[in-house]
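The values are calculated or read from the model by the stated rules, or taken from the named source; none is laboratory data. Given the structure is predicted, the values throughout are model-derived calculations rather than measurements. Reconstructed Cβ throughout: ideal geometry from the backbone, glycine too, with neighbour counts over all protein chains shown. Accessible surface is based on the protein model in full, side chains and every heavy atom, while ligands, DNA and RNA are left aside. Shrake-Rupley method; radii C 1.70, N 1.55, O 1.52, S 1.80 Å.
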Amino acid sequence: MTVKVESTLRGPQAYGLARKVVDRMEAAGVWPTPLNFELWTYALGQPDGALAGEIQRMTEAGEPFTEAVTDALAAQHLPRGRLTDQIRDAGQVLDRELSSVSSVIAEAQKSQAAYGQTLEQAATSIGAAEDGEGLQTIVSDLTTATRQAQHETESLEKKLEASTQEIVRLREHLELVRRDAMTDALTELANRKAFDEHLAAACDHAETEGGALTLAVLDIDHFKRFNDTWGHQTGDQVLRYVASVLGRAAANPRFAARFGGEEFAIVFPYESAAMVEAALESVRREIASRSLRRRSTDDDLGAVTVSAGFAVRRRGESASAFLERADAALYASKRGGRNRVSCAERLPKAA
Ligand code: C2E
C-alpha cells in the first residue's frame, strides 16, 4: 500500500490525487490538517484498501470523523507514524555523535600516551647527555613534541565542541518531539498519555512527601447534542474554547489535560478542597457566561456549560481509584442537573 501511494504522489497523477483528497475532505466536513490529509491520501490512493473501506463505511453510516477517530485510524492504518520516523532519525544522529565522541576520546588517549613516551625518553636522554649540544637537541625535540600535542588537543577540542553542539540540538529536537507526543493537537492541552504519566507521578510525590493532591474531572454538557445540531467542526471550536478557559485557570503547578472526547481533567497539588472548589466554580461560571457564535454562519450557539467533580487523594490510594472517585463526583453533577461542581468527599456513601 505504501509503495503504490508513495509512487502515485510522485507521478503524473500526484496533483489530481491531492485535489481529489481536498475535495473529499471538504465534502465530508473534515479539517485539512496534515494528519487528515495523510489519512485521506492513503485512503483515496488505494481505494480497495482497508482504510478506504473503513472511511467509506463511516461516511455512509454518517459517523463523524472526530479527532479521536482520526488518531485511531492513523495508528491502525498509516504505514509509518511521523513520530516513529523522527525518533528513529534522532536515534541515528545520536548514534553517530556518540561514536564520534568515543573516537575523539580514543584519539586523545593515544596522543597523550605518545606525548608521555616522548617525555620519558627525553628524561632518560637528559641524564645521558654529555654536552650542551646534546641538551639543545633534546630541548628542541621536546618543543616540537609539545607543539604537536597542543595542536592535536586543539583539533580534538574542536571535534568535541561540534559533537556537543549537535547533541544539544538533538536534545532540543527530541524535547519538541516529546512535547508533541504529549499534546492534544486540537486544544493544545496535555493529552491522555501525558495526563496518565502526570497523575501517577503526582500520586507518588504526594505519597512520599505527604502534600495534598486533588483531581478534578470536567465534561461538556450535552456535547453530543451540540455536535449533532451544529456539526463537529463547530464542536471542535467548543472544545478549544473550554480548553482555553481551563488552560488559563490551570497555570503551573496545576495541570490541565484533555482526557477524552469532551472530557478534561485538572490536577491540583498543594491546595485545600475549598481552594479547588472555588477555582472550579470560577471555571464553570466563566464557561457558562459566554455566548458562542458559529463562525461559518454567525449563528448564535448560546452558552455551553460544564459539569465537574473532584476528589481529594486519600493516603495509599492508587491513581486509578483516585480517578474513579473524581469521576463518580462528575456523574453526581450530571445527575444533579449539570452545570455544577461536586465533591467526592460529600457524596452519599454507596449502599
Ligand atoms: P481562536 O479562534 O484561535 O482564538 C484565539 C483567541 O483569539 C481567543 O481565545 C480570543 O482571545 C481571540 N479571538 C479570536 N476571535 C475573536 C473574536 O472574534 N472576538 C474576540 N473578542 N476575541 C477573539 P478564546 O476566547 O479563549 O477562545 C479560544 C478558542 O475557542 C478560539 O480559538 C476558538 O477556537 C474557540 N472559540 C471561542 N469563542 C468562540 C466563538 O464564539 N465561536 C467559535 N466558533 N469558536 C470560539
| task | Would you check if there is a residue in segment 12-22 being of a type outside the set (D, E, K, R) and under 17 Å from residue 65 (Cβ atoms)? | result | yes
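Which residues, taken from segment 293-351, are of a type in the set (Ser, Thr, Tyr) and within 19 Å of residue 212 (Cβ to Cβ)? I'd like the intermediate steps shown before the answer.
So the first thing to find is which residues in segment 293-351 are of a type in the set (Ser, Thr, Tyr), and the list is 296-297, 305, 307, 318, 320, 331, 333, 342.
Passing the criteria: 318, 342.
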Those residues of segment 40-71 that are under 20 Å from residue 227 (Cβ atoms) and of a type in the set (A, V, I, L, M) come to a total of 5
Reported set for segment 201-229 where residues are within 16 Å of the ligand (Cβ to nearest atom) and at pLDDT 90 or above is 218, 220, 223, 229
Scanning segment 261-291 for residues that are crowded, with 17+ Cβ neighbours inside 10 Å, within 16 Å of the ligand (Cβ to nearest atom) and over 28 Å from residue 208 (Cβ atoms) gives 262, 283, 284, 287
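Sort out which residues of segment 238-252 are near the ligand (Cβ under 9 Å from one of its atoms) and open to solvent by 70 Å² or more (accessible area, probe 1.4 Å), and write them in order of number.
As a first pass, look at segment 238-252 and keep what is near the ligand (Cβ under 9 Å from one of its atoms): 238-245, 247-248.
240, 248, listed by residue number.
When you check residue 316 against the structure, is it open to solvent by less than 80 Å² (accessible area, probe 1.4 Å), under 17 Å from residue 256 (Cα atoms) and in contact with a helix residue (DSSP H, G or I) (Cβ under 9 Å, 6 or more places away or on another chain), yes or no? Can you show your working first?
Values: open to solvent by less than 80 Å² (accessible area, probe 1.4 Å): yes; under 17 Å from residue 256 (Cα atoms): no; in contact with a helix residue (DSSP H, G or I) (Cβ under 9 Å, 6 or more places away or on another chain): yes.
In short, no.
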> Does segment 69-77 contain any residue that is acidic (Asp, Glu), closer than 22 Å to residue 260 by Cα and either open to solvent by 90 Å² or more (accessible area, probe 1.4 Å) or assigned to a helix (DSSP H, G or I) (or both)?
Replying inline: yes
The residue that is nearest to residue 307 (Cα to Cα), considering only those in segment 200-233 that are touching a strand residue (DSSP E or B) at 6+ places or on another chain (Cβ under 6 Å) and part of a helix (DSSP H, G or I), is 202
Taking first residues from segment 162-190 that are in a helix (DSSP H, G or I) and second residues anywhere that are among the small types (Gly, Ala, Ser) and open to solvent by 30 Å² or more (accessible area, probe 1.4 Å), the pairs with Cβ under 6 Å that are 6 or more apart or on different chains are 163/100
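Out of 214, 137, I need the residue that is open to solvent by 30 Å² or more (accessible area, probe 1.4 Å), hydroxyl-bearing (Ser, Thr, Tyr) and either farther than 30 Å from residue 254 by Cα or touching a residue at least 24 places away in the same chain (Cβ under 8 Å) (or both). Which one? Don't jump to the end; show me each part of the working.
On the way: 214 fails: open to solvent by 30 Å² or more (accessible area, probe 1.4 Å).
Checking each option against the conditions leaves just 137.
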Residue 200 fails exactly one of (1) open to solvent by 60 Å² or more (accessible area, probe 1.4 Å); (2) under 30 Å from residue 268 (Cβ atoms), namely (1)
